[in-house]
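Below: one structure, written as structure tokens.
The values are calculated or read from the model by the stated rules, or taken from the named source; none is laboratory data. From a predicted model like this one, the values you see are computed outputs, not experimental measurements. A quick note on method: Cβ atoms are made from the backbone with ideal geometry, for glycine too, and the neighbour counts reach across all protein chains shown. Side chains are part of the model used for accessible areas, which takes the heavy atoms of the whole protein and leaves out ligands, DNA and RNA. Shrake-Rupley method; radii C 1.70, N 1.55, O 1.52, S 1.80 Å.
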Amino acid sequence: MRIILSLKKILIFPFVLLVRFYQGAISPFTPAACRFEPTCSHYTVEALQKHGLFKGGWLAIKRIASCHPWGKSGYDPVP
């Protein structure tokens, strides 16, 4: 079981690192536009850590795709 958990962490690490880079290097210089709480980037990291690369990645893609002016907004936690 421990090996599976370690493998999961290794697989998601580059994606979490990419999001963390965005949060630290890009996001501070762009206007705050996320319609959700938690923000889409925080949601992505949490979804990856909680559900793994495939399901967490799919949840993140769905969330980012719904973040537009005609989409919903408000509190939307990771399931």
Members of the range 34-74 found to be aromatic (F, W, Y) and open to solvent by 40 Å² or more (accessible area, probe 1.4 Å), listed by number: F54, W58, W70
Residue satisfying condition, being open to solvent by 40 Å² or more (accessible area, probe 1.4 Å), in a loop (DSSP other than H, G, I, E, B), modelled with pLDDT of 90 or more and out of contact with any His (no Cβ under 6 Å at 6 or more places or on another chain), within set P14, P31, P77: P77
Step by step: first the residues of the range 1-11, then only those that are without any contact (Cβ under 8 Å) to a residue 40 or more places away in the chain and surrounded by 11 or more Cβ atoms within 10 Å (Cβ to Cβ), then the one that is nearest to the chain's Cα centre (by Cα). Which residue is that? K9
Would you check which residues across the range 55-76 are closer than 11 Å to F36 by Cβ and over 11 Å from the mean Cα position of the chain (by Cα) and list them? S66, C67, G71, K72, S73, G74, Y75, D76
On the phi > 0 side of the Ramachandran plot and outside any helix (DSSP H, G or I) - does that describe any residue in the range 49-56? no
